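**Student:** Before I ask anything, here is the structure I am working with.
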Amino acid sequence: MKQLVEKIESEFSSRFHDDFILVKSPGRVNLIGEHTDYNDGFVLPAAIDKVIVVAIAPNDNREINMVAVDKGETHHYHLDDPLSKTGKGWPDYILGVIAELQLNGFEFGGFDCVFGGNIPIGAGLSSSAAFEGGIITGVAEIYDLDIPKRDRALLGQKVENEFVGVQCGIMDQFVNIHGEDDHALKLDCRSLEYELYPFKQDDIHIVLCDTKIRRELATSEYNIRRKQCEKGVEILAQYDDSVESLRDVSLELLEAHEGEMEPVIYKRCRYVIEENNRVEQACSDLEKGDIERFGQRMYGSHHGLSNMYEVSCEELDILVEEAREIEGVLGSRMMGGGFGGCTINLVEKAEIESFSRTMKQRYNERLGREIEIYRTRIGAGAGIVEATQEKN
Ligand code: GLA
């Protein structure tokens, strides 16, 4: 972490000057509650210690000068020029933030920014939400913009939905801004009310197994799932006025109208309703300190994602199947949108080394390929870092 901060600091100093602020913006894991956010349901994510670091300072020439250290790329934009998507990847997240801030009537001038990080890209750890949150936090700080936390999250989501063109829910951006050290965050994605649940990481650790598979399918299938859920709501709302999303649907109501929908719609809806229930139950497990039951619910979540929501893949299924056999593993499931990326595993601290070794070996035996293992800890949400503290 210190090295990362120093790299960003020295790059900023050599390109611009020494007077800047530093923002640290985290990736996230999701303990349980997958594909529920865009159904107005519940999720239980946490910010992690893998982050993007942004050095940023205002300038007085209305230029936005951007430097992506890891890629060795730069991009420039002038605030008086027309603003549109470049299609070049990372610059669009910054330009999207500018566009959304302007749309919301915020006034600000140019800025110079340098960023880099250690969140694996495309692994399902929400590096893009981290990037958006980092830029929003930085611009708000240097131009003294009064943007409440909740609006920062919504603004980040708008950048994805409207500017970048990804139809994601609110989970990633929300936890990026509101996450707290050693806590999981239960979010009601309808009201945006949230509760923090202490998540002790003394004996049990979060370990991620990355298939390193990045599939384009993830985006198209994600949008198809959203439409299928909407279809289910459309059918069920005919029988109950209060149904606005799958959040409002009970299993009884769904079962009573099974015959009126295509089997695939029924399966998708059933999964979402069950997963919402699982999040509620998993939170009460945490309250009781019953991490074993919590872990069992993670397996239940994976089973539903694989068989009913059908967003898993052979590689993720194999990882969960193998993890289940290993001593000291309490729970395992695919995480995020699906079709690749990571599984999240709860592993007893003493067993982490042997877990990592065994998983690598078994995956290689079965598929002839390598996985990457990341040990991660729950960390704080996006915020300003005291440069002097990190420098010493
Ligand atoms: C992606 C989206 C989130 C959420 C998950 C699935 O990570 O960005 O909003 O829908 O998929 O739970």
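**Student:** Can you list residues whose amide H is under 5 Å from D112's amide H, if they're 5+ apart or on another chain and H is modeled 1.01 Å from N?
**Tutor:** A57, N59, N65
**Student:** Still on this structure, I have one more. Filter the chymotrypsin sites (Phe, Trp or Tyr not before Pro) in the stretch 293-392 to those in DSSP coil with at most 13 other Cβ atoms within 10 Å of their Cβ, and list the result.
**Tutor:** When the chymotrypsin sites (Phe, Trp or Tyr not before Pro) of the stretch 293-392 are filtered for loop state and at most 13 Cβ neighbours within 10 Å, nothing remains.
**Student:** Something else: Strictly greater than 18 Å: what percent of every Cα pair in the stretch 82-203 meets that?
**Tutor:** When all Cα pairs of the stretch 82-203 are counted, 54 percent exceed 18 Å.
**Student:** Next up: State whether the stretch 1-64 is rounded, prolate or oblate according to the following rule on the C-alpha gyration tensor (a ≥ b ≥ c being the square roots of its eigenvalues): a/c under 1.5 gives rounded; otherwise a/b larger than b/c gives prolate, and the remaining case gives oblate.
**Tutor:** Note, shape of the stretch 1-64 comes out oblate.
**Student:** Want the number for D188 to E244: 0.36 nm per residue separation, take away the alpha-carbon distance, what's left?
**Tutor:** Taking 0.36 nm per residue and subtracting the Cα distance, the gain is 18.7 nm.
**Student:** Work out, step by step, the length gained on full extension between L196 and S354: first 0.36 nm times the residue separation, then minus their alpha carbon distance; give nm to one decimal.
**Tutor:** Working it through step by step, the gained length comes to 53.7 nm.
**Student:** Return the distance in nm (one decimal) between the two label points of a simple spin-label model at E262 and E327, each offset 7 Å from Cα along Cα→Cβ.
**Tutor:** 4.9 nm
**Student:** Where does each of 110-123, 77-90, 249-262 land if you order them by average Cβ count within 10 Å, highest first?
**Tutor:** Result, highest mean first: 110-123, 249-262, 77-90.
**Student:** Label-point separation (nm) for K7 and I224, each offset 7 Å from Cα along Cα-to-Cβ?
**Tutor:** 3.8 nm
**Student:** Oh, and also: Filter the GluC sites (Glu not before Pro) in the stretch 340-392 to those in DSSP coil with at most 13 other Cβ atoms within 10 Å of their Cβ, and list the result. Don't jump to the answer; show the numbers that get you there.
**Tutor:** Values: sites: E348, E351, E353, E365, E370, E372, E386, E390; in loops: E370, E386.
Those that pass, being in a loop and sparsely packed, are E370, E386.
**Student:** Describe numerically, in nm with one decimal, the distance between label points set 7 Å from Cα along Cα→Cβ at K85 and at R215.
**Tutor:** 2.3 nm
**Student:** I need the peptides 168-179, 5-16 ranked by packing, meaning the mean over residues of other C-beta atoms within 10 angstrom, with the highest value on top.
**Tutor:** 168-179, 5-16
**Student:** On full extension of the chain, what length is gained from N161 through E372, given 0.36 nm per residue of separation minus the C-alpha to C-alpha distance?
**Tutor:** Here the segment from N161 to E372 would lengthen by 73.0 nm.
**Student:** Report the dimensions of the stretch 205-375 along its three principal axes from the alpha-carbon atoms, largest first, rounded to Å.
**Tutor:** 54, 40, 21
No value in this document is a laboratory result; all are computed from the given coordinates. Source: prediction; values computed, not measured. No Cβ is skipped: glycine too gets one built from the backbone with ideal geometry, and neighbour counts run over all protein chains shown.
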